[in-house]
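One structure below.
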Amino acid sequence: MLSEISNIHLKEVIRLKTKKYREETGLSLAEGWRLLRQLADNGIEFAELFISDEDSSRLEKLRYQKIFKLRDWQMAKICDSVTPQNIAAVIRNDLTPITNQNFLLYLDRINDPGNLGTLLRTAAAAAVSGVVLSPGSCEIFNPKVVRASLGACCFLPLAIHDPDWLRQQKARIVVSDVHGTTDLPDFQLPEGNIILVLGSEAHGVDPQILEKA
């Protein structure tokens, strides 16, 4: 059953475009058919679903608790993209815990949402065991991260730890650095648990981490 959205409810959904309100509510926005199908394929249920198309036959594989019919201008208000599609959803900001530490990726102060999303999407494709972000990295559920990761931030095992966490691990720490002694094509992965570290776009890897590697 498609319900009309009230003005008050619409304003609350629009507020999810701000980081402060996302953190207060534990909710974020996702938009577009491809992204929502990818989330659904990975078992994600939507708290709320919004559609501005009369044809709802494509909703069969999507799991949602509530669904609302929006006008085009309302959809444009809640969406972050320049040319929004006719579907969006509210998702929960739940991190999937890391249970396997065979091959982890540690991201040190990745500040650009598009870069973070691309790294998460690549990590999911490479079947890493999990991704750990430093506290200085950008917000995981920023709408641009959600889009660029194609929803990987919702189902890829994730955690947030400062560099001191690395010192406590029994894994081999491998750092990608422009001053490294081994070229990437020549690098051979060591045996045992591995944590691969990638640094920030501007400053590279924290010196504390370089000392540990």
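The values are calculated or read from the model by the stated rules, or taken from the named source; none is laboratory data. From a predicted model like this one, the values you see are computed outputs, not experimental measurements. A quick note on method: Cβ atoms are made from the backbone with ideal geometry, for glycine too, and the neighbour counts reach across all protein chains shown. Only protein heavy atoms, including side chains, enter the accessible area calculation; ligands, DNA and RNA are left aside. Shrake-Rupley method; radii C 1.70, N 1.55, O 1.52, S 1.80 Å.
Using alpha-carbon pairs under 8 Å, 6+ residues apart, how would you state the relative contact order of segment 88-163 in percent?
41 percent
What would the Debye formula give as log10 I(q)/I(0) at q = 0.15 Å⁻¹ for the alpha-carbon point model of the chain, no solvent? Each listed q corresponds, in turn, to -0.93. Both numbers refer to the Cα atoms of segment 150-213; Rg and Dmax are 13.2, 36 Å. Considering only the Cα atoms of segment 126-184, their convex hull presents on average a projected area of 5.5 nm². Run the accessible area of the chain with a 1.4 Å probe and give the carbon-and-sulfur part as a rounded percent. Within the chain, the accessible surface is 48 percent carbon and sulfur. Between Ile14 and Arg172, full extension at 0.36 nm per residue minus the direct alpha carbon distance yields a gain of 52.5 nm.
Using heavy-atom solvent-accessible surface (probe 1.4 Å) with all chains present, what is the largest-first order of Arg58, Arg172?
Final ranking, largest accessible area leading: Arg172, Arg58.
Determine, at each q value in 0.11, 0.17, 0.20 (inverse angstroms), the log₁₀ of I(q)/I(0) that the Debye formula gives when each Cα of segment 79-168 is one equal point scatterer. These q points yield log10 I(q)/I(0) values of -0.30, -0.69, -0.92. Where a ≥ b ≥ c are the square roots of the eigenvalues of the C-alpha gyration tensor, would you call segment 27-133 rounded, which needs a/c under 1.5, or, failing that, prolate if a/b is larger than b/c, or oblate? Prolate, because a/c is 1.5 or more and a/b exceeds b/c. Once the Cα-Cα distance is subtracted from the 0.36 nm per residue extended length, the Asn42 to Thr96 segment shows a gain of 18.3 nm. Applying the Karplus relation 6.51 cos²θ - 1.76 cosθ + 1.60 with θ = phi - 60° to segment 43-53 yields 3J(HN,Hα) values of x, 7, 9, 8, 5, 9, 10, 10, 9, 10, 9 Hz, where x marks Gly and Pro.
Solvent-accessible area per residue in the chain equals 55 Å², computed with a 1.4 angstrom probe and all protein chains kept. The HN-Hα couplings worked out from phi for segment 172-184 by the Karplus form 6.51 cos²θ - 1.76 cosθ + 1.60 (θ = phi - 60°) are 7, 8, 10, 10, 8, 8, 5, 9, x, 8, 10, 6, 4 Hz, whole numbers, x standing for Gly and Pro.
Mind giving me the FRET efficiency for Lys77 and Trp33? R0 is 25 Å, r the Cβ-Cβ distance, nearest 0.05 is fine. After rounding, the FRET efficiency stands at 0.85. A helix-only calculation puts the chain at -8000 deg cm²/dmol for mean residue ellipticity at 222 nm, using -39500 (n - 2.57) for each DSSP H run of at least four residues, averaged over all residues.
Backbone amide hydrogens, once placed in the peptide plane, bring Leu27 within less than 5 Å of Asn93, excluding anything fewer than 5 places away on its chain. Only Cα pairs under 8 Å and 6+ residues apart enter the sum, and on that basis the relative contact order of the chain stands at 21 percent. When the convex hull of its Cα atoms is viewed from all sides, segment 106-213 shows a mean projected area of 6.7 nm².
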